[in-house]
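The values are calculated or read from the model by the stated rules, or taken from the named source; none is laboratory data. Since the structure is predicted, the reported quantities are computational estimates derived from the model, not experimental observations. Every residue, glycine among them, receives a Cβ derived from its backbone with ideal geometry; neighbour counts consider all protein chains shown. Please note that ligands, DNA and RNA were not included when accessible areas were found on the heavy atoms of the full protein model with its side chains. Shrake-Rupley method; radii C 1.70, N 1.55, O 1.52, S 1.80 Å.
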Amino acid sequence: MSYLETTKNVYKEAALTPDVGLCCTTNPIWELPGLKIPKIMQEMNYGCGSTVHPRDLVNNPKILYVGVGGGMELLQFSYFSRQKNGVIGVDVVDEMLEASRKNFKEAETQNSWFKSEFVDLKNGDALRLPVEDNSIDVAAQNCLFNIFKTEELQKAIAEMYRVLKPHGRLVMSDPTCEQSMSDELRNDEQLRALCLSGSLPIKDYVKMLTDAGFGTIEIRARKPYRILDPNHYNTNELIYIESIEVAAIKDPMPEDGPCIFTGKTAIYYGKEDYFDDKKGHILLQNQPLAICDKTANALKNLNRDDIFISESTWHYDGGGCC
């Protein structure tokens with residue numbers, strides 16, 4: 001049995017019998033005016049963070065969500081796109097799609113604004129999305145891409161890139177891991193199905209996205225997630241896993257490489273009112289400016305004694321230099 005079949009079976013069982021402990025979310029549930037999330041959706045929230053960011057979701061966007069779970073994030077996305085088929089949910093597990101349909105009926109009883117027709121549920125594979133080219137404003141996945149091995153991961157990212165409109169956003173939450181794993185642990189199909197043994201280092205994760213053509217990458221959060229320890233897993237040492245939230249934007253690729261925001265900030269504190277690097281970046285006196293890593297390196301190379309560059313905070317919330 002392939003790891004993809006193992007994964008399908010794991011989530012089939014999780015659809016038929018909700019498993020609260022299958023995956024732990026590191027974010028509180030969004031609390032928005034008039035939004036009530038049924039308990040069953042919370043119990044079936046098999047993600048490691050959140051892909052719902054209000055600033056991505058203006059002007060009734062067309063949204064794609066891959067790997068529907070119990071439908072919680074689909075409901076949250078619908079809050080911002082209240083139109084028939086405004087949100088497309090894709091999953092390869094029929095039982096999960098059916099569970100979501102049932103949960104949406106419950107959501108209708110708790111949310112007067114919500115209609116099940118806001119969500120178009122489709123059976124489909126992340127490697128062959130049943131969606132037209134350049135038709136989506138915001139695409140999202142939560143704790144799905146870490147299931148894939150390298151070849152399939154490249155295909156899944158390419159599919160997301162294909163369906164996004166120019167300047168569209170791919171928003172993701174996935175586990176990452178800087179430590180090396182044993183071959184036995186890395187190839188454990190059950191752990192891969194649980195989105196653990198396929199965890200990549202952040203730099204490799206980002207490179208996958210830029211190799212696909214995404215010109216802007218935003219690291220929005222990097223948080224503790226899980227420990228794989230010798231008492232419970234086939235490892236001789238503790239392995240620390242983090243949850244990362246990332247937005248990859250389908251901007252044109254700059255000639256000098258992608259703009260990757262990891263939470264760096266520049267502050268000019270010189271004698272003039274501002275500093276202009278003549279490359280589109282103006283630093284006002286003692287006013288912090290979020291900058292991408294590429295701009296941070298360029299400013300550092302000026303060797304000035306009146307510009308401060310912070311280290312990466314691994315948190316970026318917009319307003320950057322590019």
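Quick rundown of the values:
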| item | result |
| --- | --- |
| Test: ASP251 is modelled with pLDDT of 95 or more, more than 30 Å from SER50 (Cα to Cα) and of a type outside the set (Ser, Thr, Tyr) | no |
| Verdict on ASP251 being within 28 Å of ALA140 (Cβ to Cβ), open to solvent by 20 Å² or more (accessible area, probe 1.4 Å), in a loop (DSSP other than H, G, I, E, B) and among the charged types (D, E, K, R) | yes |
| Residue in the range 105-119 that is surrounded by fewer than 19 Cβ atoms within 10 Å (Cβ to Cβ), under 24 Å from GLU159 (Cβ atoms) and in contact with a strand residue (DSSP E or B) (Cβ under 7 Å, 6 or more places away or on another chain) present | no |
| Pair list, Cβ < 9 Å and 6+ apart or interchain, from the range 277-303 residues that are free of Cβ contacts under 8 Å to residues at least 24 places away in the same chain to residues that are of a type in the set (Ser, Thr, Tyr) and exposed (fewer than 12 other Cβ atoms within 10 Å of the Cβ) | ILE282/TYR274; LEU284/TYR274; GLN285/TYR274; GLN287/TYR274 |
| Matching option when the condition is of a type in the set (Phe, Trp, Tyr) and over 15 Å from the mean Cα position of the chain (by Cα), among TYR240, TYR205 | TYR240 |
| Long-range neighbours under 7 Å by Cβ, at least six apart or interchain, first residue closer than 15 Å to ASN187 by Cβ within the range 1-16, second hydrophobic (A, V, I, L, M, F, W, C) | TYR3/ALA193; THR6/ALA193; THR7/ILE147; THR7/ALA193 |
| Of all residues in the range 270-310 being in a helix (DSSP H, G or I) and of a type in the set (S, T, N, Q), the one that is least open to solvent (accessible area, probe 1.4 Å) | THR295 |
| Filter result for the condition that a residue is crowded, with 18+ Cβ neighbours inside 10 Å and touching a strand residue (DSSP E or B) at 6+ places or on another chain (Cβ under 6 Å), over VAL93, VAL171 | VAL171 |
| Scan of the range 184-210 for residues that are more than 19 Å from THR7 (Cα to Cα), assigned to a helix (DSSP H, G or I) and without any contact (Cβ under 8 Å) to a residue 40 or more places away in the chain, ordered by number | LYS203, ASP204, LYS207 |
| Which listed residue, of LEU153, LEU196, is touching a Lys or Arg at 6+ places or on another chain (Cβ under 9 Å) and either open to solvent by 10 Å² or more (accessible area, probe 1.4 Å) or at negative phi (or both) | LEU196 |
| Sole residue being at pLDDT below 95 and surrounded by fewer than 19 Cβ atoms within 10 Å (Cβ to Cβ), chosen from ASP211, ASP317 | ASP317 |
